[in-house]
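Below is one structure, written out as structure tokens; comments come after it.
Rule-based calculations on the coordinates, nothing more; no lab input. Predicted, not measured: the structure shown is a model, and the values here were computed from it. For neighbour counting, all protein chains shown are included, and Cβ atoms are generated from backbone atoms with ideal geometry for every residue, glycine included.
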Amino acid sequence: MSIKSLTITLVALLLATGCTTVKPWQRGTLAKPEMSWSPDPLEATLENHIYYSKEASFGGTAAAGGGCGCN
Amino acid sequence: MSAVMKNLARSALAVPGMVSVAQAAAPAEAETGYRFTYYSEDDSPASRSDGGAQERYKIQVHQFYLMMPFGDHMSWDIETSFESMSGASPAYTYKDDEDVTRVYMSGASTERRFDLYGSGRYYWSEAEAGATAGFSTERDYTAFFAGTDGSIQLNEQMTTISGGLSAGYDILNPTQDFSGDQQQQANTPGRFAAKGESIWQVSAYEGVGQVIDMNTVVQAGISVTHKNGYLSDPYREYAGAEVPYDIRPDNRTLLTLSGGARRYFPGPDAALHADVRFLVDTWDIFSSTWEVAWYQNYAPNWNWFVDNAIDFQLVPKLRYYQQTEAYFYEIPDHGVADPYYTADTTTYYSSDPRLSKYGALSIGLSLKTDFRQFSWTIGGERYAANPAYGFNGDEETPGLVSFWRLTTGLDYRF
């Protein structure tokens, strides 16, 4: 899939979702910890560091921790 | 080298209101947490390793986290980790006289790494901004970084626009050989070439998050990272070769596109996480990462459990990753007469398995138990990389890693 078509797909997904306004008092579910993008920050840090060290890719929402990662 | 990416990750994770989609306000309570991880890589395959099977890395990781509100509109947090590791790692891969792919493992070594990050955030009613700085240090590598990020909610707080900028500077000091330059070059040519070298990098992230309905939120983001400096692996060498066995371009630019969704299902009281990331870079690597996780809640309705606020959360995860190879990746044939390696630093080559065409599968399972203000977590992961998982049936890559990981820890809110 080319970058152009991927971008179009992602934007289309956002625009074509038929959003309905959710008032602040209706957001109890969205505020649950399991609905956050990273429910466990320490786990996310560790995972990102391991994957950074063992794979050629990093960045975006799956970025890595510090250090060389040479091994 | 990668410390700056951590800050970028924080920006990216903050896109549609990472902590809470329901409000853009400073956290009401403090939180602290500790994690211990034992990480163990499978031994290198005996049939493909010089000198038979060798024990690869075993790592123990201690992590600590503290987040405190500061007044009505601010918070600060620190995060630190300490790692101790030992074991051998692949130094280079080659084809022998019989065209069998073999991996030469470095001697077992013991290393330690420490990092510390601190950040502060300010919250408005519909926006927030933060700044982060930190460092990572180990015997042969020191990294510094700083960054800033922010987000604003629009469209009746249904849409969140966020962005982040980070910069980092790394210093390499891989050689511990204090003999003369000529001897260092002969004994440790890779490390000698990297002596005193540095890397700088800058990253930018832009994202948009959207609340779809009472149970669904999605996000999309784009990031660009540019790295400049000594990007070769100094440990890919052979004593006596006099030239490094790994020479890479001194520039790399990476572009990522990512998307994600969170959907809550009231019936089973569970949440589905789905994330995808695509990456392209100037080393001709294209990769995609796909992740799904299911957060299943269970709260027993018995008096003792209710009185003590005890509930459980079981989280199975599945991750798939695949990448193409870097344009300078090659497994040299040591059976030919002409030497493959050269002192010409503009001729790029590397047999690093992490730059090959392969795929990786990972499955994980964790259990979180809440007890009043405490949460105890235990979980494990199995990760396996293989050329076949990346639709590469032509090559063997014996240096690719497979590992087990066990993590447990405690969180406390006050």
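Here are some notes:
- Shown for B:Ser106, A:Ser38, A:Ser57: other C-beta atoms within 10 Å of each C-beta, ranked fewest to most, produce the order B:Ser106, A:Ser38, A:Ser57.
- Applying a threshold of 27 Å to the alpha-carbon distances of A:Lys23/B:Lys317; A:Lys32/B:Lys227; B:Lys195/B:Lys357; B:Lys58/B:Lys368 flags A:Lys23/B:Lys317; A:Lys32/B:Lys227; B:Lys195/B:Lys357 as lying beyond it.
- Ratio of the Cα radius of gyration of the stretch B:190-249 to 2.2 N^0.38 Å, where N counts its residues: 1.97
- Per residue of peptide B:205-215, the mean number of Cβ atoms on other chains within 10 Å of the residue Cβ is 5.
- Whole-Å distance, taken between Cα centres, linking the stretch B:59-114 and the stretch B:142-221: 16
- For B:189-200, mean number of other protein chain Cβ atoms within 10 Å: 0
- For the peptides B:290-297, B:343-350, the ranking by mean Cβ contacts within 10 Å, running from highest to lowest, is B:290-297, B:343-350.
- Relative contact order of chain B, pairs being alpha-carbon contacts under 8 Å that are 6 or more residues apart, as %: 15
- Per residue, the convex hull spanned by the Cα atoms of the stretch B:3-413 measures out at 148 cubic angstrom.
- In the frame of its principal axes, the protein assembly as shown has Cα extents of 74, 49, 43 Å, reported largest first.
- Note on chain B: with a GNM built from Cα contacts shorter than 10 Å, the maximum mean-square fluctuation among B:Asp77, B:Asp140, B:Asp269 falls on B:Asp269.
- For the residues of B:269-280, the average number of beta carbons from a partner chain within 10 Å of their own beta carbon is 4.
- Most mobile of B:Phe64, B:Phe371, B:Phe36 in a GNM of chain B (Cα contacts under 10 Å): B:Phe371
- Rounded to the nearest 10 degrees, the inclination of helix B:3-13 to the longest alpha-carbon principal axis of chain B is 30 degrees.
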